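The values are calculated or read from the model by the stated rules, or taken from the named source; none is laboratory data. In this text, all values refer to a predicted model and were calculated from it rather than measured experimentally. Methodologically, a virtual Cβ is constructed for each residue, glycine included, from the backbone with ideal geometry; neighbour enumeration extends over all protein chains shown.
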Amino acid sequence: MIYEQLKDQNFVIIAAAQDTGGAAAAGPWYARAETTYPSLVDETHRLSSLFGLVNVPSAVWIDEAGYVRRIDEGSYATKHKMGDFEFGRDDYAPMVVDWVRRGDGSAHVEPAGTLALAVPTDEQALAEPTFKLGVYFHRQGNDAKANHYWESAQALNPASWNYARQDWSFTPEIADENWAKKFQTLEGKPYYKPIEGLDNGD
């Protein structure tokens, strides 16, 4: 496992499950994975807000000085297959290893202080507080209002799979059907933003 391989080289993985269901929802996944690194639960999707994340899994590479050096969607360490849908890759973990060992000399990171997050559109910016209103009302036990705001957030920012996934998590019996419908709207566009910079060096 990559963490066990690199943990003595000034490297740490911090997992953050974005789930309004809290530890009750995310805990079993961590237990199944037998994580040995810090594992958190982000009940308000704050990380999505801070880093502009729209899908999971996503990885944010942060160096010792606190600079964000890379952000990727679909950051799987291995390849996976779900029916006819293939996702993940085998070359992502070697990219991380290369960065830890080479530091600024790695071809896989932007120079410190140069990576800029995408500026959201007005609709995307409005989707953030709208989604969090859904989180608030869910915590108050008002599922009708929660669903209203979650659906509104999805309409404002349809590119966010995280908004949709959270909404669907409370109706697991139709979650797969909802995912399939949304996936079809891509009409051949990538489910994850393509990962660039796969030259692993020599």
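Right, Asp91: touching a residue at least 60 places away in the same chain (Cβ under 8 Å) and of a type in the set (Asp, Glu) or not? If you could, list the steps in order and put the result at the bottom.
Working: touching a residue at least 60 places away in the same chain (Cβ under 8 Å): yes; of a type in the set (Asp, Glu): yes.
Considered against the rule, which asks whether it is touching a residue at least 60 places away in the same chain (Cβ under 8 Å) and of a type in the set (Asp, Glu), Asp91 comes out as yes.
When the residues of the range 64-94 are filtered to those that are modelled with pLDDT under 95 and in contact with a His (Cβ under 8 Å, 6 or more places away or on another chain), which remaining residue is farthest from Ala33 (Cα to Cα)? Filtering the range 64-94 for residues that are modelled with pLDDT under 95 and in contact with a His (Cβ under 8 Å, 6 or more places away or on another chain), the one farthest from Ala33 (Cα to Cα) comes out as Glu86.
Between Ser75, Ser58, the distinction of being polar (S, T, N, Q), closer than 23 Å to Leu126 by Cα and surrounded by 13 or more Cβ atoms within 10 Å (Cβ to Cβ) belongs to Ser58 only.
State whether one or more residues within the range 169-191 are hydrophobic (A, V, I, L, M, F, W, C) and crowded, with 17+ Cβ neighbours inside 10 Å.
Kept after step one, since they are hydrophobic (A, V, I, L, M, F, W, C), are these residues of the range 169-191: 170, 174-175, 179-180, 183, 186.
Pick out the ones that are also crowded, with 17+ Cβ neighbours inside 10 Å and you get none.
No, the conditions are met nowhere in the range 169-191.
A single entry from Tyr92, Tyr163, Tyr149 fulfils the requirement of being farther than 18 Å from Ser58 by Cβ, touching a Ser or Thr at 6+ places or on another chain (Cβ under 9 Å), surrounded by 17 or more Cβ atoms within 10 Å (Cβ to Cβ) and aromatic (Phe, Trp, Tyr): Tyr149.
Table: residues versus (1) out of contact with any Phe, Trp or Tyr (no Cβ under 6 Å at 6 or more places or on another chain); (2) in a helix (DSSP H, G or I); (3) modelled with pLDDT under 95.
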residue	(1), (2), (3)
Leu117	yes, no, yes
Glu123	yes, yes, no
Pro129	yes, yes, no
Leu133	no, yes, no
Glu151	yes, yes, no
Glu177	yes, yes, no
Glu187	yes, no, yes
Tyr191	yes, no, yes
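Looking only at the range 23-45, count how many residues are loosely packed, with under 13 Cβ neighbours inside 10 Å and in contact with a strand residue (DSSP E or B) (Cβ under 9 Å, 6 or more places away or on another chain). So that I can check it myself, show each step before the final result.
Taking the range 23-45 and keeping what is loosely packed, with under 13 Cβ neighbours inside 10 Å, we get 24, 28, 31-34, 36, 38.
Then drop every residue that is not in contact with a strand residue (DSSP E or B) (Cβ under 9 Å, 6 or more places away or on another chain), which leaves 33, 38.
Here the count works out to 2.
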